[in-house]
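Okay, structure first, notes after.
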Amino acid sequence: MANCFYDLQFVHSRSLYFCRYNDMDPKIRHHYEVIQEGSPCHIYFDLEFDTRLNMNRDADEMVDILVSIIFSALRDKYSIEGHEEWITELDSSTEGLFSNCSSACIRS
């Protein structure tokens, strides 16, 4: 995909997080939040790309692939089976920009 990438990481400790964070290229290094172990949280993605540079891409299919990757990671790492009803998508796309905020609220 032109001008697109994703990096999915599950971090189990503060020291592992800072080790990975410090190894990242400073030009693309960022994070939104550090969540303390045992605290409840939701998985959140702010997805954007220039549609003019990705004309042959199916944005809905790309979001579906991301959700399937998340569900696979939850199943493989934590034995949690994901459900579509956990996903909330807010689309604010325009003619030139795909913009989707997706969150997964994991329910037990």
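Observations, loosely collected:
- Value of relative contact order over segment 40-106, rounded to a whole percent, pairs C-alpha under 8 Å and six or more apart: 52
- Ranking of THR51, THR94 by solvent-accessible surface, largest first: THR94, THR51 (1.4 Å probe, protein heavy atoms only, all chains present).
- Sequence of LEU16, LEU90 when ordered by accessible area, the most exposed leading, probe 1.4 angstrom: LEU90, LEU16
- TYR78 contributes about 100 Å² of solvent-accessible surface, heavy atoms of the protein only, 1.4 Å probe.
- Rounded accessible area of MET62 (nearest 10 Å², 1.4 Å probe): 50
- Solvent-accessible surface (1.4 angstrom probe) belonging to SER93, in square angstrom, nearest 10: 50
- Ligands, DNA and RNA are left out, and with a 1.4 angstrom probe the accessible area of segment 18-102 is 77 Å² per residue.
- A cut-off of 5 Å between modelled amide H atoms, ignoring neighbours fewer than 5 places along the same chain, links ILE80 with ARG75.
- Gain on full stretching of the segment that runs from THR51 to GLN36 - 0.36 nm per residue minus C-alpha separation: 1.8 nm
The values are calculated or read from the model by the stated rules, or taken from the named source; none is laboratory data. From a predicted model like this one, the values you see are computed outputs, not experimental measurements. Just the protein is used for accessible areas: all its heavy atoms, side chains included, with ligands, DNA and RNA removed. Shrake-Rupley method; radii C 1.70, N 1.55, O 1.52, S 1.80 Å.
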